[in-house]
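Encoded as structure tokens, the structure appears first; notes follow it.
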Amino acid sequence: IDLGAPGTVPSATTAASAGNANTVGGHAAACPGGTTLIGGVCFDSASNPVAPTQNAAAEACAAKGGWLPSPEDLYSVRGDLNLGTGVGTEHQYTDEVYANTSGANYSTVVVDGTGAITEQGINSPSRYFCVYPLVR
């Protein structure tokens, strides 16, 4: 059998010219600098400094093209990212905001590296991670 005789298989020609695997429809498909890919989204590689309020943290994430993660998102990455000890401000804001039973005070959920999921007032300081889409 002459192995050089068959030529290129038609689907192999298409695969050889597939283009840039780091783009989808012309949009970047990679995490921005300073972030790490976990579960299909990009998380800040390190916690941001303490924010005075949950709203300030959310606005800081939005200004960078991201958002605060959900409690479930943070809980699921606690083995990959340093979420803190839970002491003082050593925990992370989430996107969760709700009114307490009287409806006058708002709370948020924070998560720390021990896996503890607790609540605190939205005007109490905490650290935070931002999350970004993989395709931008």
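The values are calculated or read from the model by the stated rules, or taken from the named source; none is laboratory data. On a predicted model such as this, the values are computed, not experimentally measured, just so you know. Ligands, DNA and RNA are stripped out before the accessible areas are found, and what is left, the full protein with its side chains, is counted by its heavy atoms. Shrake-Rupley method; radii C 1.70, N 1.55, O 1.52, S 1.80 Å.
Using a 1.4 angstrom probe on the protein heavy atoms only, could you order Tyr98, Tyr132 from most to least accessible area?
Tyr98, Tyr132
Put simply, the amide H of Ile38, placed in the peptide plane, has neighbours under 5 Å in Phe43, leaving out anything fewer than 5 places away on its chain.
For segment 67-136, the ratio of Cα radius of gyration to the globular rule of thumb 2.2 N^0.38 Å stands at 1.12. Each residue of segment 65-78 was assigned a 3J(HN,Hα) from its phi angle through the Karplus curve 6.51 cos²θ - 1.76 cosθ + 1.60 (θ = phi - 60°); the sequence is x, x, 8, 6, x, 6, x, 5, 4, 5, 4, 6, 9, 4 Hz, with glycine and proline shown as x.
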